[in-house]
Amino acid sequence: MKFSSVALGLLAATAHGFTTSPHFGLKHSSFMPQPSASSASSPLQSLQSARSTTTSLNAATLKKGSDEKTEEAFVPMRPPIDLDWDDIGKQLKDSFGYSDKDVEAYSKLSKEELLETYESMQLARLFENACNQQYMGGKIRGFMHLDNGQESIPALVSDSIRKTDKKYSYYREHTHALASGVSPGAVMAELMMKEGGTCKGAGGSMHIFDPETYFQGGWALVSEQLPYAAGAAKSILQDRVLGLSDGDDFKKRDVAPPKDDDRISVVFIGEGGSQNGRMAEVLNSAAKDNLPLLILVIDNGRAINTFTPDIATNSDVYKQGAHYGVPGILVNGENAEDVVKAGRATVDYVRKNGPAILQVHTYRFNGHSPADPEHERGRKDEKKWARASQDPIKIFEQKFTSEGVVTDEELAAIKKKVQKQVKEAVEFADASPMPPVELAKELEFPDAPDTDYNLKIPPAFAAEVNERTISKEKMDTIQEHIANLRAKSDAGEITIGDAINLAIHEEMLRDPTTTMHAEDLQAGSSYDIPKLTQQTYGQTRAADEIIDEGHFIGKALGEGMNGYRPIVELMNTNFGIYGMAELSSAGNTFATTGGKFDMPMTIIGAGGTAPNQSLGAEHSQPFHAYVMGIPGLKIGTAASPAAAYGITKSMIRDNGPTFLFAPVKMMKEAKGSVDLDKCLPLNKAALLNEASDEAVNGGKAVTVLTYLHGVKEAEISLEAIQEEGLDIDLIELRSLKPLDKETIRKSLARTHKLAILDESTYSGGVGATISAIISEEMFDELDAPVKRLCMDDAPVPYASSMEKAVVKRSSDLIDAVAELVMKQH
């Protein structure tokens, strides 16, 4: 459709002086003069031709009688687009395969539907205005990002997105939450840090979550929500394959989704964030698995406040999917009616066929946040112009009242209704109490550190799901594999990799909601950890992933938020560096959501740095130390098959994110037995050798804390230490976080001396953290300063001759024990 003459009156200033193609090169009719033949373009041409139109002001001469007056007509850096319903229909036919009849079916909204669209937009606008007032009054703190000017998007959401669809937004998500059905009072209370908020005041403006409406964030790191939404879409496919659905408590139950289940996952992202590499990864994954995923691109031309074409070669985000067979469509966000109609068509396509991109061209009336200075080129002038001429609410009002479709009185009644609703939301937030101080620590972990995982009850539907999803032939094969591994354990011959693989298969059979993600998964990866998972449980439960750990850790997060227990195997834990953003958010999720979303996720991999490892610097980084500072993440280590098996089983059963590090050079070398069918605690160290009473009484005993390859090095040194009349309490730190301070304190009460053989660096390492804790909390037990045997801050060299200067080993431990006891070098 075309804008009415009244609506176009709002845009008159923009019509003057355009001589080049507008943004996206769209149809030239209502907004500006027709271009010359040489500048003519197709309806969906790229924005490149718009870049020459960056002059901020254009002088136009206006004549009134014999007098001449000069008036400056504002020319925006990013011109508006003139895109009528015929243009949208053509896109639907060309890109989505719709017929003329199909397009016609989407071409009209009833009066009732138009009024609902208007109400959605007014709720978004008035709520954000109220947020701004509360922010200026000091009741909302921190960063806040308002959505004024982009109200057609929540109108689309309110119209086409259902309660059971999964929704993943970014930090400018208030209006998306409201349109999804989240209580305005709860959203406002969250912003005002109140216990009545969606997340009990733990999340704030950038982190709105609501289980009942499947509104799953509010995520603050740009573009991180993309793989999470893909994981949520994958969970829908998993429900269908396994025959499971959510109960009233949002836990999985043995009830199949309806045959016409057409739930989708929706992810909101800006055109600036869409330039992130995660976009390509998600498009690939969405196309490969045919995920029911709608990528809703909110294109306001500003990446934070920077003019997006200044930093992005191509802002035609809706075309990015073409390489993957994912269709896209562009609509004008100032025309709310067309946004809703195109939204219906696009959402219906996703429900029936698979992934799609919907890009909405908008203008944001506010800066990135109230705290930003907005010094960027052209931003202030653009905002002033956009408020005057590109307001979707004003355009809607003038179009439909002038055409006699709705009356001013009807619109006024809706606005009055919404004003009351917003006022009540503010009153609710004001009356809600602040959350108690104790809540912060309660939200650290979903499962208490001292949880006994042996007592966790498996799903009652496990046998039924396994029977209908695993063929008899495959079940026979995997049971034979499990029997062989258990026999290896009985013989004392099982490796660390095989012990983890055994634990994984036992847990995947025990709980069919357990899933697997890994690179090289079909081949068993490097250490057989995911061996036979895809061959047994299928591609939907066991995914062979592209080579980007951040992508599949992110997808695992989305699955974990939606009732599944993902396991992520990292071929080498240092590859997890690619996934730091996703690991950080996994650790924060339970707390940020006020405890409303568990975050089960088990990450397992081989890592650490052994003497003579010869893997070079990048494969020898102490990633376990890098992630120590991530809140909410339980971190374990295992230097034996027994530890690896028992810890893996417990981690998979935990309702929060966990990370198990295994020693890379001992994965196939270390062999032994495991305590079959038993879970180990996730908060306990293991005393591997207890110093003799004689050594303790003679002051010749030392407590040694170590982990990963350090366990082997300490065991190698034990005989030499004892030959000198000395002895050690050798403690394996199987839990780096939470730290087993009780076991350490008990040992120090005997030895009063401490050496830490640490597989991380001098600065910021595990040993540094533990040493500080002991100095603060156990200082009275020490007779000497803590002796740290840690890696040097220099990168680990490849050559063994140089490596000795960086990586500590058994000989260093022998010297350290002697020094502590005898004060000699």
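The values are calculated or read from the model by the stated rules, or taken from the named source; none is laboratory data. Computed from a prediction, not measured in an experiment: that's the story for all the values here. Neighbour counts are summed over all protein chains in view; Cβ atoms, including those assigned to glycine, are modelled from backbone coordinates with ideal geometry.
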> Do we find that Ser432 is among the polar types (S, T, N, Q), surrounded by 15 or more Cβ atoms within 10 Å (Cβ to Cβ) and in contact (Cβ under 8 Å) with a residue 40 or more places away in the chain in this structure?
Replying inline: yes
>> Just the residues that are surrounded by fewer than 24 Cβ atoms within 10 Å (Cβ to Cβ) and either not assigned by TED's automatic domain parsing to the domain that holds Leu221 or not in a helix (DSSP H, G or I) (or both), please, taken from region 112-148.
In response: Gly137, Gly138, Lys139, Ile140, Arg141, Gly142, Phe143, Met144, His145, Asn148
> If we keep just the residues of region 516-536 that are touching a residue at least 24 places away in the same chain (Cβ under 8 Å) and outside any loop (DSSP other than H, G, I, E, B), which is surrounded by the fewest Cβ atoms within 10 Å (Cβ to Cβ)?
Replying inline: Gln535
> What do you reckon, is Gln539 in a loop (DSSP other than H, G, I, E, B), out of contact with any Lys or Arg (no Cβ under 8 Å at 6 or more places or on another chain), polar (S, T, N, Q) and not assigned by TED's automatic domain parsing to the domain that holds Leu242?
Replying inline: yes
>> Any residue that is crowded, with 19+ Cβ neighbours inside 10 Å and more than 24 Å from the chain's Cα centre (by Cα) - is there at least one of those in region 537-560?
In response: yes
>> Of everything in region 749-767, what is touching a helix residue (DSSP H, G or I) at 6+ places or on another chain (Cβ under 9 Å) and surrounded by fewer than 21 Cβ atoms within 10 Å (Cβ to Cβ)? Give them in sequence order.
In response: Ala749, Arg750, His752, Tyr762, Gly764
> Which residue pairs have Cβ atoms under 9 Å apart, sit 6 or more places apart or on different chains, and have a first residue in region 173-199 that is over 20 Å from Pro435 (Cβ atoms) and a second that is among the basic types (Lys, Arg) and modelled with pLDDT of 95 or more?
Replying inline: Glu173/Lys167; Thr175/Arg125; His176/Lys167; Ser180/Lys163; Ser180/Lys167; Gly181/Lys163
> Do any strands (runs of 3 or more DSSP E) entirely within region 715-825 hold 3 or more residues that are among the acidic types (Asp, Glu) and either touching a strand residue (DSSP E or B) at 6+ places or on another chain (Cβ under 6 Å) or over 15 Å from Thr703 (Cα atoms) (or both), and if so, which?
Replying inline: 727-732
>> Just to verify a result, which residue in region 561-593, among those that are hydroxyl-bearing (Ser, Thr, Tyr) and surrounded by 24 or more Cβ atoms within 10 Å (Cβ to Cβ), is nearest to the chain's Cα centre (by Cα)?
In response: Ser585
> Checking Ala412 against (1) closer than 17 Å to Pro80 by Cβ; (2) without any contact (Cβ under 8 Å) to a residue 12 or more places away in the chain; (3) hydrophobic (A, V, I, L, M, F, W, C), which test does it fail?
Replying inline: (1)
> Between a first residue in region 136-151 that is under 15 Å from Ala371 (Cα atoms) and a second residue that is hydrophobic (A, V, I, L, M, F, W, C) and surrounded by fewer than 13 Cβ atoms within 10 Å (Cβ to Cβ), which pairs have beta carbons less than 8 Å apart while being 6 or more apart in sequence or on different chains?
Replying inline: Phe143/Ala371
>> Just the residues that are in contact with a His (Cβ under 9 Å, 6 or more places away or on another chain) and over 23 Å from Pro154 (Cα atoms), please, taken from region 365-419.
In response: Glu374
> Checking Leu330 against (1) of a type in the set (A, V, I, L, M, F, W, C); (2) out of contact with any strand residue (DSSP E or B) (no Cβ under 9 Å at 6 or more places or on another chain); (3) closer than 21 Å to Ala105 by Cβ, which test does it fail?
Replying inline: (2)
>> Restricting to region 768-805, give me the number of residues that are out of contact with any helix residue (DSSP H, G or I) (no Cβ under 7 Å at 6 or more places or on another chain), within 28 Å of Gln613 (Cβ to Cβ) and of a type in the set (D, E, K, R).
In response: 4
> Considering region 363-383 alone, what residues qualify as being outside any loop (DSSP other than H, G, I, E, B) and either outside the structural domain of Gly270 (by TED's automatic domain parsing) or in contact (Cβ under 8 Å) with a residue 12 or more places away in the chain (or both)?
Replying inline: Arg379, Asp381, Glu382, Lys383
> If you go through region 208-221 one residue at a time, how many are surrounded by fewer than 24 Cβ atoms within 10 Å (Cβ to Cβ) and at pLDDT 95 or above?
Replying inline: 3
> Residue check, Lys596 against (1) more than 17 Å from Glu559 (Cα to Cα); (2) surrounded by fewer than 24 Cβ atoms within 10 Å (Cβ to Cβ), all met but one. Which one?
Replying inline: (1)
> Residues in region 626-639: is at least one out of contact with any Phe, Trp or Tyr (no Cβ under 9 Å at 6 or more places or on another chain), assigned to a strand (DSSP E or B) and either surrounded by fewer than 24 Cβ atoms within 10 Å (Cβ to Cβ) or touching a residue at least 24 places away in the same chain (Cβ under 8 Å) (or both)?
Replying inline: no
> Hey, any hits in region 90-100 for a residue that's crowded, with 20+ Cβ neighbours inside 10 Å, in a helix (DSSP H, G or I) and among the hydrophobic types (A, V, I, L, M, F, W, C)?
Replying inline: yes
>> Quick check on my filter: what residues within region 149-160 are part of a loop (DSSP other than H, G, I, E, B) and touching a helix residue (DSSP H, G or I) at 6+ places or on another chain (Cβ under 7 Å)?
In response: Gly149, Glu151
> Only one of (1) surrounded by 24 or more Cβ atoms within 10 Å (Cβ to Cβ); (2) assigned to a strand (DSSP E or B); (3) out of contact with any Phe, Trp or Tyr (no Cβ under 9 Å at 6 or more places or on another chain) is not met by Phe661, so which one is it?
Replying inline: (3)
> Filter region 542-568 for residues that are assigned to a helix (DSSP H, G or I) and touching a Phe, Trp or Tyr at 6+ places or on another chain (Cβ under 7 Å); which is nearest to Ile652 (Cα to Cα)?
Replying inline: Leu557
>> With the requirement that a residue be part of a helix (DSSP H, G or I) and charged (D, E, K, R), what does region 454-491 give you?
In response: Glu464, Glu467, Arg468, Lys472, Glu473, Lys474, Asp476, Glu480, Arg486, Lys488, Asp490
> If you scan region 76-96, which residues turn out to be out of contact with any His (no Cβ under 7 Å at 6 or more places or on another chain) and either without any contact (Cβ under 8 Å) to a residue 60 or more places away in the chain or of a type in the set (Val, Ile, Thr) (or both)?
Replying inline: Asp86, Ile88, Gly89, Lys90, Lys93, Asp94
> From the residues in region 222-265 that are touching a helix residue (DSSP H, G or I) at 6+ places or on another chain (Cβ under 7 Å) and part of a strand (DSSP E or B), which one is surrounded by the fewest Cβ atoms within 10 Å (Cβ to Cβ)?
Replying inline: Ser245
> If a residue has to be under 24 Å from Asn290 (Cα atoms) and touching a residue at least 12 places away in the same chain (Cβ under 8 Å) to count, how many in region 301-330 make the cut?
Replying inline: 14
